[in-house]
Amino acid sequence: MLLDGSEDFGAAVAQWCDRFFAQRWVIQYNFYINDRNWGRMFVRICPYLPFSARICLNQHHWLANRMREKGIGFKQTANAFLKCAAPDRLQKLANSLTPRDLVTCGQKWLAQLTPFFTAREREHAGCQHRLFFSQVEYCDNLIFHRRAALDNLGQRLLDANRTIGQPNKITVIFGRKVTKQYRGKLQTEIEDMNLPNPVVRSHYRNGFIKQYVRDRIILRTEAARSPLSARHRRSRYPRPSRRPQSRVTPPSTANKIHATGTITA
């Protein structure tokens with residue numbers, strides 16, 4: 001806004017100052033992608049500075065692609081492997097996941113979906129996203145041959161695990177003693193999420209554990225953790241002077257990566 005020395009100067013200043021800050025919902029774009037290495041994934045992009053984004057990757061799909069490349073026979077359901085011709089090789093492939101695999105995929109699609117900077121600006125001015133884990137999920141799958149057996153066990157577990165959120169049981173699950181000084185969330189919920197059986201979920205700090213039936217023959221116990229709070233992200237990732245560095249730790253199963261945009265001139 002340009003102002004001259006006329007008598008309208010005061011009115012213009014008053015009009016300019018009559019502004020306020022407020023939180024507003026903004027449109028975000030979801031991109032569902034079939035990546036060559038990672039398979040099915042999605043990226044959520046905010047179209048406003050600093051172009052914050054969320055990337056969801058699933059190592060089950062990554063492992064399926066690696067086994068196809070190696071010629072290993074397997075049978076996969078939505079998010080688990082029912083059969084594998086070479087379990088030892090499958091475990092070695094799972095252990096071979098590196099931070100570079102995660103960062104390469106994340107930065108590739110973030111560069112494609114935020115085409116606002118040139119390659120030179122990304123390289124020399126640090127105009128790129130820094131990646132950190134927003135949530136990591138680990139699961140254990142018990143595969144049943146008969147659905148009736150799973151239903152019987154599921155009903156017994158649903159009844160037995162209603163008190164799983166008690167401090168003494170949370171201590172066993174998470175390996176942390178709950179004392180009087182604890183101020184976090186301790187809660188057990190039974191949720192109906194349009195699945196064949198209800199979901200039992202217990203919360204502890206910034207994580208939770210849940211148990212449910214998946215794909216009709218799988219009893220899944222799943223622990224999720226949000227490793228970094230906003231305070232830890234600020235302290236662990238200081239604002240860089242040139243190119244930001246990405247640090248991630250490879251999970252063993254499904255994971256979510258959350259990306260925040262930082263632009264350094």
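The values are calculated or read from the model by the stated rules, or taken from the named source; none is laboratory data. Nothing here was measured: the structure is a model prediction, and the numbers come from that model. Cβ atoms come from the backbone with ideal geometry, glycine included; neighbour counts cover every protein chain shown.
Within the range 114-141, the only residue that satisfies the criterion of being assigned to a helix (DSSP H, G or I) and either within 25 Å of I173 (Cβ to Cβ) or in contact with a helix residue (DSSP H, G or I) (Cβ under 8 Å, 6 or more places away or on another chain) (or both) is R122. Kindly establish whether I55 is of a type outside the set (G, A, S), under 16 Å from L110 (Cα atoms) and either in contact with a Ser or Thr (Cβ under 6 Å, 6 or more places away or on another chain) or at pLDDT below 95 (or both). It is true that I55 is of a type outside the set (G, A, S), under 16 Å from L110 (Cα atoms) and either in contact with a Ser or Thr (Cβ under 6 Å, 6 or more places away or on another chain) or at pLDDT below 95 (or both). The residue list P167, P115 contains one member that is surrounded by fewer than 18 Cβ atoms within 10 Å (Cβ to Cβ) and without any contact (Cβ under 8 Å) to a residue 12 or more places away in the chain, which is P115.
Among residues belonging to the range 165-197 that are part of a loop (DSSP other than H, G, I, E, B) and of a type in the set (V, I, T), point out the one that is nearest to L150 (Cα to Cα).
Filtering the range 165-197 for residues part of a loop (DSSP other than H, G, I, E, B) gives 165-166, 175-185, 192-197.
With the extra rule that they be of a type in the set (V, I, T), the set shrinks to 178-179.
Values: V178: 32, T179: 36 Å.
Ranking the candidates gives V178 first.
The residue pairs whose first member lies in the range 190-210 and is free of Cβ contacts under 8 Å to residues at least 24 places away in the same chain and within 15 Å of R162 (Cβ to Cβ), whose second member is assigned to a loop (DSSP other than H, G, I, E, B) and of a type in the set (D, E, K, R), and whose beta carbons are closer than 8 Å, counting only pairs six or more residues apart or on different chains, are V199/D192. Across the range 70-106, the qualifying residues are those that are within 17 Å of the chain's Cα centre (by Cα) and in a loop (DSSP other than H, G, I, E, B), and the one among them that is modelled with the lowest pLDDT is N79. Checked against (1) surrounded by fewer than 16 Cβ atoms within 10 Å (Cβ to Cβ); (2) under 19 Å from the mean Cα position of the chain (by Cα), A125 meets all criteria but (2).
Which members of the range 44-56 meet the condition of being buried (at least 16 other Cβ atoms within 10 Å of the Cβ) and over 19 Å from S226 (Cβ atoms)?
First, the residues of the range 44-56 that are buried (at least 16 other Cβ atoms within 10 Å of the Cβ): 44-46, 51-56.
Hits for the range 44-56 are I45, C46, F51.
Taking first residues from the range 91-112 that are more than 21 Å from S134 (Cβ to Cβ) and partners that are small (G, A, S) and surrounded by fewer than 17 Cβ atoms within 10 Å (Cβ to Cβ), the Cβ contacts under 9 Å between residues at least 6 apart in sequence or on separate chains come to A94/S252; N95/S252. Selection over the range 167-196 of residues that are among the aliphatic types (A, V, I, L, M) and touching a Leu at 6+ places or on another chain (Cβ under 8 Å) gives a count of 3. Among the residues of the range 74-87, are any more than 25 Å from D215 (Cβ to Cβ) and aromatic (F, W, Y)? There is no residue in the range 74-87 that is more than 25 Å from D215 (Cβ to Cβ) and aromatic (F, W, Y). The requirement of being surrounded by 10 or more Cβ atoms within 10 Å (Cβ to Cβ), at pLDDT below 90 and over 28 Å from V136 (Cβ atoms) is fulfilled somewhere in the range 15-26, by at least one residue.
Listed conditions (1) in contact with a His (Cβ under 7 Å, 6 or more places away or on another chain); (2) part of a loop (DSSP other than H, G, I, E, B) are all met by L110, apart from (2).
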